[in-house]
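Report on the following structure.
The values are calculated or read from the model by the stated rules, or taken from the named source; none is laboratory data. For clarity, every value in this text was computed on a predicted model and none was experimentally measured. Counting neighbours? That spans all protein chains shown, and the Cβs are built from the backbone with ideal geometry, glycine included.
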Amino acid sequence: MITLKDLMTRLSRHFGAELQEDQGVFQFRAPTSDGRSQLIGATVKRISDVELGVFFSEIGELNDDVNPWQLLEKNLELGYSKIAIMNNRLGVIAVCNLKYTAPEEAVQILQEVCMVADQLEEELYGHDIA
């Protein structure tokens, strides 16, 4: 089984980014379209004896211009990731079982988190926020 640190090291190299770690949270800035970038994070969540990798990217603050119901509907169009709201902050999250997820699939998961977060950030706020 690959560790989250090893996985994030591989992924940050794939994106040509520098990996940072702080108290079990791994982060790097992944390049997206048009010179933009998205800060991607990952941490481990344990449920019973299952080790889950939780990938996330924050988009911005929820405000009156953002319709949460439309965002929930967008979740139906997504594969690995889901749009989430926590503490009045909007983000994209994906979870995988680290025991069974191949590094190649983790790249796809992370690419989707990054792409969805970047598209929503541009659509809702018009510029790079995080």
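The criterion of being within 16 Å of the chain's Cα centre (by Cα) and assigned to a strand (DSSP E or B) does not hold for Ile109.
Out of everything in region 95-117 that is touching a residue at least 40 places away in the same chain (Cβ under 8 Å) and among the small types (Gly, Ala, Ser), what residue ends up being surrounded by the fewest Cβ atoms within 10 Å (Cβ to Cβ)? Filtering region 95-117 for residues that are touching a residue at least 40 places away in the same chain (Cβ under 8 Å) and among the small types (Gly, Ala, Ser), the one surrounded by the fewest Cβ atoms within 10 Å (Cβ to Cβ) comes out as Ala106. Figure legend. Inter-residue proximity from region 63-75: first residues farther than 19 Å from Val113 by Cα, second residues surrounded by fewer than 10 Cβ atoms within 10 Å (Cβ to Cβ), beta-carbon distance below 9 Å, spacing 6+ or different chains. Indicated pairs: Asn63/Asn88. Counting residues in region 33-45 that are in contact (Cβ under 8 Å) with a residue 40 or more places away in the chain, surrounded by fewer than 16 Cβ atoms within 10 Å (Cβ to Cβ) and assigned to a strand (DSSP E or B) gives one or more. Kindly indicate the residue of region 87-106 that is within 12 Å of Leu7 (Cα to Cα) and of a type in the set (A, V, I, L, M) and also nearest to the chain's Cα centre (by Cα) among those meeting that condition. Ranking the candidates gives Ala106 first. Kindly check whether there is at least one residue in region 57-77 that is among the basic types (Lys, Arg), more than 13 Å from the chain's Cα centre (by Cα), exposed (fewer than 12 other Cβ atoms within 10 Å of the Cβ) and at pLDDT 90 or above. No, every residue in region 57-77 fails to be among the basic types (Lys, Arg), more than 13 Å from the chain's Cα centre (by Cα), exposed (fewer than 12 other Cβ atoms within 10 Å of the Cβ) and at pLDDT 90 or above.
Of all residues in region 6-19, which are loosely packed, with under 14 Cβ neighbours inside 10 Å and either in contact with a helix residue (DSSP H, G or I) (Cβ under 9 Å, 6 or more places away or on another chain) or more than 30 Å from Gly126 (Cα to Cα) (or both)? Within region 6-19, Asp6, Glu18 qualify. Among the residues of region 86-101, those identified as in contact with a Gly (Cβ under 8 Å, 6 or more places away or on another chain) and aliphatic (A, V, I, L, M) are Leu90, Val95, Leu98.
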